[in-house]
Amino acid sequence: MMRKCSGQFGTLSGARIKLGVKELKKQSIGIGLMGLGVVGGEVARVLMDKAEVLAEQVGCPLVLRKVKVLESDLAKPQAKEMGLQLFTTDADEFFAEPEMDIVVEAIGGEEPALDYLKRALSGGKHVVTSNKEVIAKHGAELFALAQQYGVGLRCEASVGGGIPLIAPFQQDLVANKISGIYAIINGTTNYILTRMAREGTDFASALKRAQELGYAEANPEDDVDGIDATYKLAILASLAFHCQVQPQDIHCEGISRLDSRDFKYARELGFAIKLLAIAKQGDSWIEVRVHPVFIPEESLLAKVDGVYNAILVEADLVGKVLFYGEGAGALPTSSAVVADVVSAAQDIIAGGGSRARWRLEPGKIIKPMSELETRYYLRLNVADRPGVLAQVSKVLGDHLISISSVIQQAADSVSQTAEIVIMTHPAQEREMQQALDELGHLASVKQICNFIRVEA
Ligand code: HSE
């Protein structure tokens with residue numbers, strides 16, 4: 001049997017009379033769901049399948065009152081099972097539902113989701129969203145709106161799927177000064193890189209499988225080009241460093257220029273290749289970037305495979321903390337969304353208003369990428385004749401880039417070219433970019449096949 005609100009409230013102390021009044025008023029918490037795609041469909045299923053246990057957590061039932069869908073969703077078997085009277089394709093009709101306490105947005109993308117979120121918050125609804133793009137671009141504004149209207153805004157599912165991350169950054173780590181975040185936060189690309197590294201699978205078929213498994217974005221270029229990871233890093237860095245990091249502040253490179261030969265050399269040199277989202281903080285600066293990196297194969301992050309995400313946080317009090325789990329897919333994401341719904345419902349029952357926090361402190365500058373200092377892996381296709389290696393090392397030397405090792409592969413006698421792989425000591429990005437430009441103009445350099453930064 002489902003417990004009634006009164007049984008739960010009776011155990012609370014301190015504000016018994018006030019809560020007692022609410023107890024009489026609140027027999028259920030009404031949910032409005034926007035979107036019935038991969039995430040929204042699973043959230044609806046969990047809310048219904050786990051209704052009893054969720055009601056136990058909240059103290060009264062969570063009742064799905066309205067679902068805003070696209071015309072095409074109405075034909076889905078799930079829509080028919082749930083009862084078509086719940087559904088509307090009209091946003092005005094959705095927002096007119098009087099018994100809706102919490103709006104769950106699982107539409108994704110910037111618009112119309114942003115408009116709906118503002119409408120929900122300014123209409124006094126608590127909001128749960130899985131929308132990383134909207135939070136990354138408009139988090140400060142939306143959290144301010146939530147505070148203004150005294151309601152909660154929760155976005156646990158926006159980063160890392162089912163891994164608790166937003167709550168730790170907003171609550172559990174607040175006593176820390178966070179110095180670094182090193183994160184694998186895109187499941188699709190990690191799945192692709194893992195299959196390329198382990199099985200030699202080609203890029204296209206690994207991506208196709210990731211799409212079939214529901215990991216990839218509607219537009220998979222957002223995954224592959226690193227854009228999805230920049231949204232997530234913008235959210236984490238903003239929360240961690242208390243400054244507004246916008247996606248466009250983040251240097252972003254995707255994985256499409258990686259080749260099976262890079263994986264072969266990485267292995268030979270003792271590295272794994274990962275798409276890392278990196279954020280670091282100094283006294284007056286922050287550094288934010290997303291790009292493929294060589295990381296030592298014995299490091300924890302190198303062992304994170306498949307759709308799994310891992311977020312390593314370095315902070316002054318807690319030291320190093322690693323968050324690890326499934327970062328994409330319907331089930332893990334619905335876990336985070338439903339947890340947020342329960343938390344919002346508990347706040348409503350307890351008479352709580354806004355707990356929204358997006359603290360902003362002035363004065364931090366985003367360090368330009370040109371000032372980055374790191375080691376590099378460089379793979380070149382060069383003419384196979386005397387003096388070429390000397391020309392290449394002269395260009396690097398002119399830019400104060402010191403070589404730590406060189407591998408030369410057997411020459412191709414037909415094209416009379418050879419492949420050389422150079423690992424450098426730490427060098428400045430500005431110098432490396434200029435050196436790459438000069439190398440590209442040498443007649444003996446046929447192709448700059450790849451360069452990858454090393455994060456050790
Ligand atoms: N496309 C995203 C990923 C889904 O692959 O990580 C979760 O945000």
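The values are calculated or read from the model by the stated rules, or taken from the named source; none is laboratory data. Just so it is clear, the structure is predicted and the values come from calculations on it, not from any experiment. A quick note on method: Cβ atoms are made from the backbone with ideal geometry, for glycine too, and the neighbour counts reach across all protein chains shown. Side chains included, ligands, DNA and RNA excluded: accessible areas come from the protein's heavy atoms. Shrake-Rupley method; radii C 1.70, N 1.55, O 1.52, S 1.80 Å.
Couple of notes before you dig in:
The rows are residues; the columns are (1) hydroxyl-bearing (Ser, Thr, Tyr); (2) in the same structural domain as residue 268 (by TED's automatic domain parsing); (3) in a loop (DSSP other than H, G, I, E, B); (4) within 12 Å of the ligand (Cβ to nearest atom).
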position	(1), (2), (3), (4)
181	no, yes, no, no
189	yes, yes, no, yes
204	no, yes, no, no
217	no, yes, yes, yes
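- Of the candidates 385, 359, 355, 379, the single residue that is in contact with a helix residue (DSSP H, G or I) (Cβ under 7 Å, 6 or more places away or on another chain), modelled with pLDDT under 95 and outside the structural domain of residue 213 (by TED's automatic domain parsing) is 355.
- Residues considered: 167, 175, 140. Of these, the only one that is outside any helix (DSSP H, G or I) and either open to solvent by less than 40 Å² (accessible area, probe 1.4 Å) or touching a Leu at 6+ places or on another chain (Cβ under 8 Å) (or both) is 175.
- All conditions but one from (1) within 28 Å of residue 359 (Cα to Cα); (2) within 16 Å of the ligand (Cβ to nearest atom); (3) among the hydroxyl-bearing types (Ser, Thr, Tyr); (4) touching a strand residue (DSSP E or B) at 6+ places or on another chain (Cβ under 8 Å) apply to residue 335; the one that does not is (4).
- Index of the failed condition, residue 242 passing every other in (1) farther than 20 Å from residue 324 by Cβ; (2) open to solvent by less than 30 Å² (accessible area, probe 1.4 Å); (3) out of contact with any strand residue (DSSP E or B) (no Cβ under 9 Å at 6 or more places or on another chain): (2)
- Any hit, segment 30-45, residues being open to solvent by less than 40 Å² (accessible area, probe 1.4 Å) and in contact with a Phe, Trp or Tyr (Cβ under 7 Å, 6 or more places away or on another chain): yes
- So residue 204, is it modelled with pLDDT of 95 or more and small (Gly, Ala, Ser): no
- Residue match in segment 148-160 (condition: more than 16 Å from the ligand (Cβ to nearest atom), open to solvent by 30 Å² or more (accessible area, probe 1.4 Å) and assigned to a helix (DSSP H, G or I)): yes
- Residues that are aliphatic (A, V, I, L, M), surrounded by fewer than 22 Cβ atoms within 10 Å (Cβ to Cβ) and in a strand (DSSP E or B) within segment 46-67 comprise 63, 64, listed in sequence order.
- The conditions of being in contact with a Leu (Cβ under 9 Å, 6 or more places away or on another chain) and of a type outside the set (A, V, I, L, M, F, W, C) are not met by residue 381.
- Failed item, numbered, when residue 212 is tested on (1) farther than 22 Å from residue 272 by Cβ; (2) within 16 Å of the ligand (Cβ to nearest atom); (3) within 16 Å of the chain's Cα centre (by Cα); (4) not aromatic (Phe, Trp, Tyr): (3)
- Considering (1) within 10 Å of the ligand (Cβ to nearest atom); (2) under 14 Å from the mean Cα position of the chain (by Cα); (3) more than 26 Å from residue 175 (Cα to Cα), the lone condition that residue 252 does not fulfil carries the number (1).
- Under the condition of being over 14 Å from residue 422 (Cβ atoms) and open to solvent by less than 20 Å² (accessible area, probe 1.4 Å), the residues counted in segment 432-450 number 1.
- In segment 60-84, the residues that are touching a residue at least 60 places away in the same chain (Cβ under 8 Å) reach residues that are in a loop (DSSP other than H, G, I, E, B) with C-beta atoms within less than 9 angstrom, at least six apart or across chains, in these pairs: 60/2; 60/3; 60/4; 60/26; 60/27; 60/28; 62/28.
- Lone qualifier among 239, 153 - being touching a residue at least 40 places away in the same chain (Cβ under 8 Å), over 11 Å from the mean Cα position of the chain (by Cα) and in the same structural domain as residue 340 (by TED's automatic domain parsing): 153
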